[in-house]
Each structure stands twice: as structure tokens, then as C-alpha cells.
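Please read the structure below before turning to the comments.
The values are calculated or read from the model by the stated rules, or taken from the named source; none is laboratory data. Because the structure is predicted, anything quoted here is derived from the model rather than measured. Methodologically, a virtual Cβ is constructed for each residue, glycine included, from the backbone with ideal geometry; neighbour enumeration extends over all protein chains shown. Areas reflect the complete protein model, heavy atoms only, side chains present, ligands, DNA and RNA absent. Shrake-Rupley method; radii C 1.70, N 1.55, O 1.52, S 1.80 Å.
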Amino acid sequence: MIIGLNNAKVAVLGASGGIGQPLSLLLKNSPLVGELSLFDIAHTPGVAADLSHIETRAHVTGYMGPDQLNAALKGCDVVVIPAGVPRKPGMTRDDLFNTNATIVATLADAVARNCPEAMICIIANPVNSTIPITSEVMKKYGVYNPNRVFGVTTLDIVRANAFVAELKGLDPARVNVPVIGGHAGKTIIPLISQATPKVEFPADQLSALTARIQDAGTEVVKAKAGAGSATLSMAYAGARFTFSVLDAMNGKEGVVECAYVRSEETECKYFSTPLLLGKHGIEKNLGLGKLSAFEENLVADAIGELKGSIKKGEDFVANMK
């Protein structure tokens, strides 16, 4: 496991894919990463060879196929999982369930056996269900730690920051909009009222902005016209979240990110809120904070769908052979 600061071993499961390749590039570029372990069912030796020529110190190893999965995970501190199939036009994230649920359950099983104490960052959609799946698989092995299993919703925050900055003529790097709930459609709840710096929008503009943040993934799916879904922005967001986790593990204080995790903040078993990260994962759930009436309605509207997605994930593991 961690050999001193800034020397973490990070695995990317699904490293050859549309998100996996640019994500692996960003991780290779970081001084926080000592070892980069890349796994996929195809092309990983090539991706690893390519990245290994970059003049940064992260040591890159590629692993390919199910028989190399265990080796890829040995001694990992952080495991990031962008594996799975992307959306095509007309698909919801839930349409990916049957394929991606099996993929995530298989990978979570291997994590539970090989590096049960690693921080697990799940990108594979539908995140609203793949986090319950990961948690239930970890429970089967008696190694579940709710403070170390994260659904990466960072792209929703990144998008909210970009869109608010654009509308207000601000520097996006200085805008921070918390986004709570889940990671699909109306379960994505941007808290514009809690944005820093403080911003205000008339009701119609606020409603349109909220809808754009909720549907931003579909905006990219449509624009790519069958060639996939958000990969580059997702890789950026996945790297941002992973770096925050690593910073916190290295003892940096005050690291806050939103993520979809086991939660007592609402009546949903899993819910995304701002989290204070620490050496052992979640140090403190910072909760929903003060909501506007508009935001309270968004939360009320999201609960039913979220509960259904959570149950679907739990049932999938319960019924697994």
C-alpha cells in the first residue's frame, strides 16, 4: 500500500476505453501517482507502452484479460473504474444497466479479493445503481467500508461550474457549484443558491440552467451522433476527483468534493452531497446545507427515481449466481 507521500498505486479498470485512455494520461501526468496499473479486456499493452514514454515518474504497467485482473489490483491504494459501455443517442443511463452491472460486479469482486482497503471510484454508469452493486459485492466478502466507495459525480459539478461561469462572465476555475442527489437526469440537483461566488438568476433562467446541467450528458451523446458519450470531460472530472482523494490521503486538509455515497442525509440509502475527504476516505459528510424552495422541490422529485435505481442495484447482486 502507500509507501510514503505522493507515491500512490492507482489502478484504472477500463483503461483502453474512451474515458480510460485520457483519464490514464491525466493520472500519468500527476506527481501524486507513483504506480499506474492499467487493466482492460483489450489493447492495454499498447496504451501502457504509449503512456510509459511520458517523462513523468509514474511507473505504468498494462494488464489484459480476466486472468490478469488480480495482478492488476495487487497493492492498489485507489481503484478508478470507467469500464463499461457508453450511451448511444436515445439511450438513458439506465439502459446500460444489464451490461454494466455485470462488468462492475465482476470488477468489484476482484477489488474485494485483492485490495479491499483501496478507495474505489466508480465512473461506470448507471452510477445510481453501480454504487449499490459495488457495496453489496464488498459486503459479501465482509470488506465493505462505506467511507471508501465513491460514485464519481464530479462531471456534474464541473459542468455546473462551466455553465454558470459562462452565463455570468466569471472565471470557471473560481466558480464552485455543489451538485447533490444522484448522477442521472432529474436526480442531478445543482445547488445554485450555494454557489461561490454568489450568483442569482431569474426563475426562468434558473430553470433552464438546471435542466441544461441535468441533460448535459445527453447534449454530448447527441452531438457525438452515435460515436459515444462524454469521454474527455469525464476523464478530466474523474482525474480531478482522484487527485482530491489522493491529496486527502496524503494529509492535505480541507479537501471537499461531492460524490454519491452511502448516506444518512435523506431517506435514500445512497445520496451525493459535499464530503470532507481525509486519510481514510470520507472524514465528514457535510450534508445538503440550506436549500432554496426550488431546490427542495428538486430533491423531493428525485427521491423516487433514486430509490428505484438503488433497489435495482441491490437486487442484481442478491440474484447473482
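Values for this structure:
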| item | result |
| --- | --- |
| Residues that are part of a loop (DSSP other than H, G, I, E, B), out of contact with any Pro (no Cβ under 6 Å at 6 or more places or on another chain) and without any contact (Cβ under 8 Å) to a residue 60 or more places away in the chain, drawn from the range 167-191 | G169, L170, D171, V175 |
| Helices (runs of 4 or more DSSP H) contained in the range 5-109 and holding at least 3 residues in contact with a Gly (Cβ under 7 Å, 6 or more places away or on another chain) and closer than 21 Å to L232 by Cα | 44-52 |
| Condition broken by G65, with the remaining ones in (1) open to solvent by less than 20 Å² (accessible area, probe 1.4 Å); (2) in contact with a strand residue (DSSP E or B) (Cβ under 8 Å, 6 or more places away or on another chain); (3) more than 30 Å from K311 (Cα to Cα); (4) not hydroxyl-bearing (S, T, Y) satisfied | (2) |
| Identity of the residue in the range 147-164, open to solvent by 10 Å² or more (accessible area, probe 1.4 Å) and either in a strand (DSSP E or B) or in contact (Cβ under 8 Å) with a residue 24 or more places away in the chain (or both), that ends up nearest to R262 (Cα to Cα) | N147 |
| Residue match in the range 36-49 (condition: among the aromatic types (F, W, Y) and within 19 Å of V149 (Cβ to Cβ)) | yes |
| Filter result for V261 (buried (at least 18 other Cβ atoms within 10 Å of the Cβ) and β-branched (V, I, T)) | yes |
| Odd one out for R240, checked against (1) assigned to a loop (DSSP other than H, G, I, E, B); (2) in contact (Cβ under 8 Å) with a residue 60 or more places away in the chain; (3) open to solvent by 60 Å² or more (accessible area, probe 1.4 Å); (4) not aliphatic (A, V, I, L, M) | (1) |
| Test result for S129, more than 22 Å from E283 (Cβ to Cβ), touching a residue at least 24 places away in the same chain (Cβ under 8 Å), buried (at least 19 other Cβ atoms within 10 Å of the Cβ) and small (G, A, S) | yes |
| The one condition in (1) over 13 Å from the mean Cα position of the chain (by Cα); (2) open to solvent by less than 40 Å² (accessible area, probe 1.4 Å) that G289 fails to fulfil | (2) |
| Failed criterion for I157 (all others in (1) of a type in the set (V, I, T); (2) touching a helix residue (DSSP H, G or I) at 6+ places or on another chain (Cβ under 6 Å); (3) not assigned by the TED database to the domain that holds I19 hold) | (2) |
| Near pairs, Cβ below 7 angstrom, 6+ apart or cross-chain, from the range 46-61 (under 14 Å from S16 (Cβ atoms)) to any residue that is open to solvent by 50 Å² or more (accessible area, probe 1.4 Å) and among the hydroxyl-bearing types (S, T, Y) | V60/S52 |
| Number of the condition not met by A58 [criteria: (1) of a type in the set (G, A, S); (2) at pLDDT 95 or above; (3) open to solvent by 20 Å² or more (accessible area, probe 1.4 Å)] | (3) |
